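The values are calculated or read from the model by the stated rules, or taken from the named source; none is laboratory data. Quick caveat, the model's predicted, so the values are computed rather than measured. With ideal geometry, Cβ positions are generated from the backbone for all residues, glycine too; neighbour counts draw on all protein chains shown. Please note that ligands, DNA and RNA were not included when accessible areas were found on the heavy atoms of the full protein model with its side chains. Shrake-Rupley method; radii C 1.70, N 1.55, O 1.52, S 1.80 Å.
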Amino acid sequence: MMSDTLTGLFPLLVGWLLDLVLGDPSWLPHPVVGFGKMIAFCERRWNKGSYRKLKGALVAVCLIAGIFIVTSFLISDDSFFDPGVKATTGRVLISALLIFYCLAGTTLIREVRAVFRAVDRSLEEGRAQVARIVGRDTSELSAQEVRTAALETLAENLSDGVIAPLFWLAILGVPGMLAYKMVNTLDSMIGYKTERYKDFGCWAAHIDDIANYIPARLTALLMVLPHAMVSGQWSMITFVRHYGRHHASPNSGYPEAALAGILNCRFGGPHYYFGELFDKPFIGENERELTTDDMKKAVRVNRTAEVLMVILTGFCLVVCH
């Protein structure tokens with residue numbers, strides 16, 4: 001029989017290593033795709049007529065709570081497991097698979113590397129490649145804006161795709177991790193202040209803001225702290241505190257500010273989303289050209305923060321188990 005320590009740590013380590021090696025293979029069905037289909041169905045059905053804000057709130061709460069309940073049942077009901085497989089072993093393996101599904105660090109790193117390779121070949125290729133990972137209109141972006149968009153997304157995804165899921169795993173276990181992925185998927189699909197989504201997606205956006213409040217700031221700390229310890233640039237923390245608030249989102253600005261400070265560059269500025277111009281403030285002041293070396297440094301920053309968070313999460317799981 002597995003010890004309590006292994007029961008807590010094994011799914012985390014296996015899930016993280018699977019993401020590290022595989023990323024999100026296109027041939028493997030992904031739960032988030034199912035989340036997206038559920039959200040799209042509800043949006044088409046209820047995002048019309050009166051009481052859109054109320055209907056959007058009910059959809060968001062029901063989907064998040066539903067995923068939490070279903071996942072809790074899935075990993076606790078022994079009837080799901082083959083009689084020849086010990087229930088504890090089955091739960092551990094399912095938990096490891098679900099953790100793997102919830103982590104998205106490797107895929108975004110691969111995509112960002114592909115953006116930099118593409119834009120080095122041609123601007124049109126760069127625009128097409130970055131369109132895979134950002135929501136903004138990329139058709140008129142310059143080469144510098146393509147690289148900037150990729151690095152902004154890399155920083156933001158470190159929070160949304162790695163640190164926040166691990167944070168909720170430490171707090172609420174695997175069901176909490178899956179529920180967070182539903183929160184994040186809701187926000188990415190309907191949490192926009194456009195004419196179509198501003199009412200129906202209002203609650204989805206607010207719930208996402210709450211769920212990411214601590215993880216976003218923790219992400220920035222995990223990015224900046226190792227860099228400051230090596231370089232002695234402790235003023236970076238003041239930089240993040242100042243520029244972290246320079247974003248339409250109460251959370252996204254913090255990991256972006258951390259990366260902008262480490263790279264000594266400038267993020268942010270006005271962008272088009274769904275045909276509407278959003279005048280976002282700038283993060284940082286040094287409007288210098290970004291290079292492939294900056295991308296490589298950003299990837300190292302991401303991986304360091306990720307490893308630190310895995311260690312912190314493992315510690316919490318062992319202590320709280």
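Observations on the model:
- Evaluation of Gly126 against the conditions (1) in contact (Cβ under 8 Å) with a residue 40 or more places away in the chain; (2) buried (at least 24 other Cβ atoms within 10 Å of the Cβ) shows that the sole unmet condition is (1).
- Scanning segment 156-194 for residues that are of a type in the set (A, V, I, L, M, F, W, C), open to solvent by less than 10 Å² (accessible area, probe 1.4 Å) and more than 17 Å from Phe68 (Cα to Cα) yields Leu158, Val162, Ile163, Ile190.
- Contact map, segment 65-83: first residue within 21 Å of Leu186 (Cβ to Cβ), second residue at pLDDT below 80 and not acidic (Asp, Glu), Cβ cut-off under 7 Å, separation 6 or more or different chains; pairs are Leu74/Phe80.
- Some residue of segment 282-296 being in contact with a strand residue (DSSP E or B) (Cβ under 8 Å, 6 or more places away or on another chain) and open to solvent by 60 Å² or more (accessible area, probe 1.4 Å): yes
- Residues that are over 22 Å from the mean Cα position of the chain (by Cα) and open to solvent by less than 40 Å² (accessible area, probe 1.4 Å) are absent from segment 204-226 altogether.
- Segment 22-58, subset without any contact (Cβ under 8 Å) to a residue 60 or more places away in the chain, part of a helix (DSSP H, G or I) and closer than 22 Å to Leu93 by Cβ, residue nearest to the chain's Cα centre (by Cα): Val33
- Thr313 being of a type in the set (Ser, Thr, Tyr), surrounded by 17 or more Cβ atoms within 10 Å (Cβ to Cβ) and either in contact (Cβ under 8 Å) with a residue 60 or more places away in the chain or in a helix (DSSP H, G or I) (or both): yes
- Residue check for Glu140: farther than 26 Å from Phe10 by Cα, buried (at least 22 other Cβ atoms within 10 Å of the Cβ) and modelled with pLDDT under 95: no
- If you go through segment 120-142 and keep only what is under 17 Å from Leu108 (Cα atoms), in contact with a helix residue (DSSP H, G or I) (Cβ under 8 Å, 6 or more places away or on another chain) and not basic (Lys, Arg), you end up with Gly126, Ala128, Gln129, Val130, Ile133, Val134, Gly135.
- Any chance Gly66 is at pLDDT 95 or above, farther than 26 Å from Ala305 by Cβ and in contact with a Ser or Thr (Cβ under 8 Å, 6 or more places away or on another chain): no
- If you go through segment 113-155 and keep only what is acidic (Asp, Glu) and out of contact with any Gly (no Cβ under 9 Å at 6 or more places or on another chain), you end up with Glu124, Glu125, Glu140.
- Considering (1) under 18 Å from the mean Cα position of the chain (by Cα); (2) crowded, with 20+ Cβ neighbours inside 10 Å; (3) modelled with pLDDT under 95; (4) not basic (Lys, Arg), the lone condition that Ser95 does not fulfil carries the number (1).
- Gly253 fulfils the conditions (1) buried (at least 22 other Cβ atoms within 10 Å of the Cβ); (2) modelled with pLDDT of 95 or more; (3) farther than 18 Å from Val61 by Cβ except for a single criterion, (2).
- Scanning segment 69-89 for residues that are modelled with pLDDT of 60 or more and outside any helix (DSSP H, G or I) gives Ile75, Ser76, Asp77.
- Ala149 vs. criteria closer than 30 Å to Phe10 by Cα, buried (at least 20 other Cβ atoms within 10 Å of the Cβ) and small (Gly, Ala, Ser): no
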